[in-house]
Amino acid sequence: MDRKIKIMVGSTVYGFENELYQVVALLQTLGYEVLNSHVGTIKVNPKLSNLENCLNAVDECDLFLGIIRPYYGTGNIGEKNITFEEIKRAIELKKPYWFLVHRDVVFARKLFTKIKDADKIEVRKNNFFDPRSIDVYNYVIKNHIPITLRNGNWAQEFYRLDEMSIYIKTQFETEHS
């Protein structure tokens with residue numbers, strides 16, 4: 001019997017639990033084995049940190065789907081954010097990857113580029129937006145490389161679950177599903 005292709009879904013969780021479960025369910029319906037920490041489908045070595053366990057899952061997966069949201073997440077270990085580290089590892093390992101980015105991150109990025117001295121703006125800690133999400137987005141779209149030289153920098157914007165589902169079905173539905 002053929003082994004199922006393993007796809008890891010890397011995302012911040014809180015305030016997004018229902019959508020995350022539905023994304024995982026959709027990918028499972030399409031025939032993939034889905035690795036996701038929140039859903040409980042990654043192998044956990046109790047002797048390792050949460051970050052190490054998540055990075056091991058990235059090493060194990062065949063494909064990677066990253067979801068960039070306006071929240072940086074609570075999975076921070078020192079200066080490292082688990083979701084961002086998963087994304088960096090997937091790209092570093094040259095795993096086939098796809099990204100979804102919440103429209104609020106795209107909007108905020110555009111807004112901050114139009115504000116004079118935007119680096120002097122201090123955003124207070126809140127439950128709506130963390131400016132570090134723009135750093136993740138800039139990394140994924142390879143903002144440090146001239147646009148004419150970028151490859152593998154597609155990040156599909158979404159606002160609602162149905163928009164995410166369309167992209168996921170388009171990218172991952174196979175003739176066998």
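The values are calculated or read from the model by the stated rules, or taken from the named source; none is laboratory data. Just so it is clear, the structure is predicted and the values come from calculations on it, not from any experiment. So basically every Cβ, Gly included, is an ideal-geometry build from the backbone, and we count neighbours across all protein chains shown. Accessible surface areas use protein heavy atoms only, side chains included; no ligands, DNA or RNA. Shrake-Rupley method; radii C 1.70, N 1.55, O 1.52, S 1.80 Å.
Would you point out the residue of segment 113-129, among those that are open to solvent by 100 Å² or more (accessible area, probe 1.4 Å) and either touching a Phe, Trp or Tyr at 6+ places or on another chain (Cβ under 7 Å) or free of Cβ contacts under 8 Å to residues at least 24 places away in the same chain (or both), that is nearest to G15 (Cα to Cα)?
Once the filter is applied, the top-ranked residue is K125.
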Taking the stated definitions as given, is T174 open to solvent by less than 100 Å² (accessible area, probe 1.4 Å) and farther than 16 Å from K88 by Cα?
yes
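Taking the condition of being within 14 Å of Y72 (Cα to Cα), at pLDDT 85 or above and not β-branched (V, I, T), how many residues in segment 109-137 meet it?
Residues of segment 109-137 that are within 14 Å of Y72 (Cα to Cα), as a first pass: 123-137.
Remaining after also requiring at pLDDT 85 or above: 129-137.
Next cut, not β-branched (V, I, T) only: 129-133, 135, 137.
Qualifying residue count, segment 109-137: 7.
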Report yes if V105 is in contact (Cβ under 8 Å) with a residue 12 or more places away in the chain and in a helix (DSSP H, G or I), otherwise no.
yes
Selection count, segment 38-95, where residues are open to solvent by 60 Å² or more (accessible area, probe 1.4 Å), in a loop (DSSP other than H, G, I, E, B) and modelled with pLDDT of 95 or more
7
With the first residue restricted to segment 145-167 and required to be more than 13 Å from R103 (Cβ to Cβ), and the second required to be open to solvent by less than 50 Å² (accessible area, probe 1.4 Å) and basic (K, R), Cβ contacts under 6 Å at 6 or more apart or on different chains are R150/K142; N153/K142
Residue count for segment 27-37, restricted to those that are touching a helix residue (DSSP H, G or I) at 6+ places or on another chain (Cβ under 8 Å) and assigned to a helix (DSSP H, G or I)
1
Can you name the condition, by its number, that M8 falls short on among (1) touching a Cys at 6+ places or on another chain (Cβ under 7 Å); (2) of a type outside the set (V, I, T); (3) over 18 Å from Y167 (Cα atoms)?
(3)
Take the residues in segment 132-171 that are in a loop (DSSP other than H, G, I, E, B) and within 20 Å of E86 (Cβ to Cβ), then tell me which one is most open to solvent (accessible area, probe 1.4 Å).
W154
Are any residues in segment 25-37 more than 12 Å from M8 (Cβ to Cβ) and in contact (Cβ under 8 Å) with a residue 12 or more places away in the chain, and if so, which ones?
L26, T29, L30, G31
Would you pick out the residues in segment 1-26 that are closer than 19 Å to E173 by Cα and either open to solvent by 50 Å² or more (accessible area, probe 1.4 Å) or assigned to a helix (DSSP H, G or I) (or both)?
D2, R3, K4, I5, E19, L20, Y21, Q22, V23, V24, A25, L26
In segment 96-112, how many residues are open to solvent by less than 20 Å² (accessible area, probe 1.4 Å) and over 10 Å from A155 (Cβ atoms)?
1
